[in-house]
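Enquirer: Have a look at this one before I ask anything.
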Amino acid sequence: MRGPAARSIKYHGAAAFEAMRKAGRIAAETLDFIAEYVQPGVSTAQLDALCEQYMRDHGATPATIGYHGYRHASCISVNHVVTHGIPSAEKIIREGDIANIDVTPIFEGWHGDSSRMYVAGEPSKLAARLIDTTYEAMMAGITAIRPGATLGDVGYAIQQVARRERFSSVLEYCGHGIGQIFHDEPQVVHGGRPGEGVELRPGMFFTVEPMLNAGRAAVKLLNDGWTVVTRDRSLSAQFEHTVAVTDTGFEIFTLSAEELSPEKAYTLSAG
Ligand code: MF3
Ligand code: CO
Ligand code: CO
């Protein structure tokens, strides 16, 4: 068989970790790079073009171009868009908007998948709390990762953070196994019960990418076949990292130095 074997949970070795560090770094650097451009007046098509150029300039190919007919280098999901927003010249970012930008560079055959929230100008109090909570939920999920824990533990940790703030976690769209295949087994549901689901073992690679809604959890797919919105049009936020299970815990492949320095990840663009 040519190329990576189809869907199954894979347990990777040292060379694969090394490759994923490179792909993950390009994803993180793309998200660092785009921050200063997320300002009122920019179109999501312009942001997409900048992300594409950055990835190509660093020797990577955007995995989303040609993926099930998708034509863009990123997904950009503004305000009540939950995920898979399609970049468009008509979609202009306005003061106070919040946006998720999601990129997946392929470098030497390996995928680094990551997304962050950005704010154009000043966010509302609710938007800031939603973004902070979503980041905290993602990190709570990631820190639950260790050999012997389960995906139920990861989902439960995420949902507990959401519930504490009376936000809801979207369950229809999931994290996923990743590596030489973009979307592989297992599915990583952003909710669940402790001790249930797939047991984690060293060498597993997957994404953790919770979507939290300020209102109800219900979502709707628009007629374009991609854009997912909240049914009640409440705000939604998402963060995503690509991670590995290690012998002692986890490794985040898509972490950037800039992400860790400010108190809040999203203030990268708040200016
Ligand atoms: N990057 C998204 C994810 O986190 C997938 C986007 S697929 C696309 O899994 F085709 F919509 F771009
Ligand atoms: Co993903
Ligand atoms: Co993604």
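Enquirer: Give the number of residues within region 96-117 that are crowded, with 24+ Cβ neighbours inside 10 Å, away from ligand 2 (no atom under 16 Å from the Cβ) and not hydrophobic (A, V, I, L, M, F, W, C).
Expert: 0
Enquirer: I'd like to know if region 126-133 contains one or more residues that are more than 12 Å from ligand 1 (Cβ to nearest atom), modelled with pLDDT of 95 or more and either under 30 Å from Glu18 (Cβ atoms) or in contact with a Pro (Cβ under 6 Å, 6 or more places away or on another chain) (or both).
Expert: Taking every residue of region 126-133 in turn, none turns out to be more than 12 Å from ligand 1 (Cβ to nearest atom), modelled with pLDDT of 95 or more and either under 30 Å from Glu18 (Cβ atoms) or in contact with a Pro (Cβ under 6 Å, 6 or more places away or on another chain) (or both).
Enquirer: Given the criterion free of Cβ contacts under 8 Å to residues at least 40 places away in the same chain and either within 16 Å of ligand 3 (Cβ to nearest atom) or in a loop (DSSP other than H, G, I, E, B) (or both), identify the matching residue among Gly59, Gly96. Write out each step before concluding.
Expert: Working: Gly59 fails: free of Cβ contacts under 8 Å to residues at least 40 places away in the same chain.
Result: Gly96 is the single residue among Gly59, Gly96 that is free of Cβ contacts under 8 Å to residues at least 40 places away in the same chain and either within 16 Å of ligand 3 (Cβ to nearest atom) or in a loop (DSSP other than H, G, I, E, B) (or both).
Enquirer: For region 70-87, does any single residue satisfy the condition of being away from ligand 3 (no atom under 16 Å from the Cβ) and in a helix (DSSP H, G or I)?
Expert: Checked region 70-87: no residue is away from ligand 3 (no atom under 16 Å from the Cβ) and in a helix (DSSP H, G or I).
Enquirer: Then there is this: With the condition kept exactly as written, say whether any residue in region 173-186 is within 16 Å of ligand 2 (Cβ to nearest atom) and over 25 Å from Arg71 (Cβ atoms). Give the derivation first.
Expert: Taking region 173-186 and keeping what is within 16 Å of ligand 2 (Cβ to nearest atom), we get 173-186.
From what is left, the residues that are over 25 Å from Arg71 (Cβ atoms) are 185-186.
Within region 173-186, one or more residues are within 16 Å of ligand 2 (Cβ to nearest atom) and over 25 Å from Arg71 (Cβ atoms).
Enquirer: Then there is this: Among the candidates Ala19, Ala49, which residue alone is part of a helix (DSSP H, G or I), over 23 Å from Val119 (Cβ atoms), of a type outside the set (D, E, K, R) and away from ligand 1 (no atom under 14 Å from the Cβ)?
Expert: On the way: Ala49 fails: over 23 Å from Val119 (Cβ atoms).
Residue meeting the stated conditions: Ala19.
Enquirer: So which of Ile76, Ile93 ends up being more than 14 Å from ligand 1 (Cβ to nearest atom), modelled with pLDDT of 95 or more, buried (at least 21 other Cβ atoms within 10 Å of the Cβ) and not basic (Lys, Arg)?
Expert: Details: Ile76 fails: more than 14 Å from ligand 1 (Cβ to nearest atom).
After applying the criteria, what remains is Ile93.
The values are calculated or read from the model by the stated rules, or taken from the named source; none is laboratory data. Being a predicted model, the structure only gives us computed values, none of them experimental. Cβ atoms come from the backbone with ideal geometry, glycine included; neighbour counts cover every protein chain shown.
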